[in-house]
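Let me begin by presenting the structure, written as structure tokens, before commenting on it.
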Amino acid sequence: MTQEQILREAVRALDSKKAEDIQVVGIRDLTIIADYFVIANGTSTTHTKALADEVEYKIGLLGKKPARVEGYASSNWIILDYSDVVIHVFYKETRQFYSLERLWSDGEHVDISKYLK
């Protein structure tokens, strides 16, 4: 499964469950952590958990499981680590507090409209 396929499925899954402010940031030139971050938020911890579940389910249908999953216990910040693509699903206030977009503002902001067609 390619990075592009993971990005497409993640964005579509998040959008299908009404995630807020979905963003994809290319970070490959900035760090060895990953090539892309997908960042989105839900409106409640239940919504956040449902978003992460949907992403994991949709990508799993294509045969890919995350290397690591963190944050389900509190559901304030759930991380699905697919090695080159790391998906961050936040509760709205937690996203505002950590502001990953600001921390990684030197990264490439990817237009997600191509994934939503």
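Pick out which of Leu100, Leu61, Leu30 has the largest mean-square fluctuation in a Gaussian network model of the chain, springs linking Cα atoms closer than 10 Å.
Leu61
Taking the chain, how many lysine pairs are there with alpha carbons less than 24 Å apart, if each pair must be eight or more places apart or span two chains?
24
Would you mind telling me the antiparallel percentage of the DSSP bridges in the chain, rounded to 5?
About 70 percent, rounded to the nearest 5.
Scan (1) 16.1; (2) 8.0; (3) 6.5 for the value of mean projected area of the Cα convex hull in nm² calculated from this model and give just the label.
The calculated read-out lines up with (3).
Around Asp35, with a cut-off of 13 angstrom between Cβ atoms, what is the net charge of the other residues, counting Lys and Arg +1 and Asp and Glu -1?
Values: positive: Arg28; negative: Glu4, Asp29, Asp81, Asp84, Glu108.
Charge balance near Asp35 sits at -4.
Summing Lys, Arg as +1 and Asp, Glu as -1, what charge do residues with Cβ under 11 Å from the Cβ of Val85 carry, Val85 excluded? Working shown, then result.
Working: positive: Arg8, Arg28, Lys64; negative: Glu4, Glu9, Asp35, Asp81, Asp84.
Around Val85, the charge tally is -2.
Is the stretch 11-68 rounded, prolate or oblate when judged by the Cα gyration tensor, a ≥ b ≥ c being the square roots of its eigenvalues, rounded requiring a/c under 1.5 and prolate requiring a/b larger than b/c? Spell out each step's value before the answer.
Working: a/c = 2.11, a/b = 1.33, b/c = 1.58.
Because a/c hits 1.5 or more and a/b fails to exceed b/c, the stretch 11-68 counts as oblate.
Rounded to the nearest 500 deg cm²/dmol, what is the calculated helix-only ellipticity per residue at 222 nm for the chain, with -39500 (n - 2.57) per DSSP H run of length n ≥ 4?
-10500 deg cm²/dmol
Over the chain, with a Gaussian network built from C-alpha contacts below 10 Å, which listed residue (Glu56, Glu70, Glu20) shows the highest mean-square fluctuation?
Looking only at Glu56, Glu70, Glu20, the largest GNM fluctuation is found for Glu70.
What relative contact order, as a whole-number percentage, does the stretch 3-115 give when Cα pairs under 8 Å and 6 or more residues apart are counted? Numbers along the way, then the final one.
Details: 208 pairs, mean separation 36.5, N = 113.
It rounds to 32 percent for the stretch 3-115.
No lab work stands behind these numbers, since they all come straight from the coordinates. All values reported here derive from a predicted model rather than from experimental measurement. Cβ coordinates were reconstructed from backbone atoms using ideal geometry, including for glycine residues, and neighbour counts include every protein chain displayed.
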